[in-house]
Amino acid sequence: MPRLVVGRHKAAPRRIVLRAPVAYLPAMNHDAYPDDYIRRILKSVKTIALVGASQNPARPSYIVTKYLSERGYEVFPINPGLAGQEILGLPVHARLADVPKPIDMVEIFRNSAAAGPITDEALALDPLPKVIWMQLSVRNDEAAKRAEARGVEVVMNRCPKIEYGRLSGEISWQGVNSRILSAKKPALAGRGVQKLTINRPQ
């Protein structure tokens with residue numbers, strides 16, 4: 001009768017699964033943003049989806065759309081009730097996914113509760129936006145955490161028009177203190193109606 005020999009079996013080689021690195025952002029103090037943080041964002045983004053756009057010239061979202069467009073940003077108004085129409089000659093889209101090119105920044109002109117689902121809609125885009133910006137009085141810390149966990153920078157309770165005007169020096173034309181001291185000459189943004197740019201030497 002043959003003898004049964006019990007020996008060690010070689011273990012199957014372990015498979016190593018490589019996963020894409022998760023972007024990491026250091027914790028941001030959303031109560032006080034450094035000027036360099038805001039300036040870098042406004043200088044780096046080119047395409048902006050403005051959620052909550054209005055056709056009413058008296059509404060802040062209309063004014064901000066006009067201002068940002070005049071400063072060289074490509075603005076995509078988002079409003080499902082106005083989809084297919086135009087605001088300031090810009091085609092209006094129903095949702096972020098309808099924008100025909102990658103979005104650098106999502107500007108939220110909705111209330112704080114609505115900012116959560118809009119942030120999630122933005123985080124479903126491919127590629128992801130670089131920035132989620134919530135307008136004055138709009139703040140949703142949980143949504144901000146979800147965005148930052150995906151490597152998306154967040155600004156809350158700020159207006160990009162006001163911040164651009166403050167950092168460029170335009171806002172001082174209206175007698176408003178920009179809180180910026182600089183010996184450097186402000187830079188004009190092209191020809192035509194006089195306006196300043198944030199692209200002056202640092």
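Values in this text are rule-based calculations from the coordinates and carry no lab data. Bear in mind that the values here come from a model prediction, so they are computed numbers and not experimental data.
I need the phi-derived Karplus couplings for segment 89-102: 6.51 cos²θ - 1.76 cosθ + 1.60, θ = phi - 60°, integer Hz, Gly and Pro marked x.
My calculation for segment 89-102 gives x, 9, x, 8, 10, 6, 8, 4, 5, 7, 5, x, 8, x Hz in order.
Indicate the gyration tensor shape class of segment 35-170 (rounded, prolate or oblate), computed on the Cα atoms with a ≥ b ≥ c the square roots of the eigenvalues: a/c under 1.5 is rounded; otherwise a/b larger than b/c is prolate and the rest oblate.
It is rounded, given that a/c, with a ≥ b ≥ c, falls under 1.5.
From the phi angles alone, apply the Karplus equation (6.51, -1.76, 1.60; θ = phi - 60°) to segment 116-132 and give each ³J(HN,Hα) in whole Hz, x where the residue is Gly or Pro.
Coupling constants for segment 116-132: x, x, 5, 4, 5, 4, 5, 6, 8, 6, 9, x, 5, x, 7, 9, 10 Hz.
Can you compute log10 of I(q)/I(0) for segment 94-140 with the Debye formula, treating each Cα as one identical point scatterer, at q = 0.21 Å⁻¹?
-0.66
Short version: ³J(HN,Hα) in whole Hz for each residue of segment 149-160, in order, from phi by Karplus 6.51 cos²θ - 1.76 cosθ + 1.60 (θ = phi - 60°), x for Gly and Pro, what are they?
Once θ is set to phi - 60°, the couplings for segment 149-160 become 5, 9, x, 9, 6, 9, 10, 10, 6, 9, 10, x Hz.
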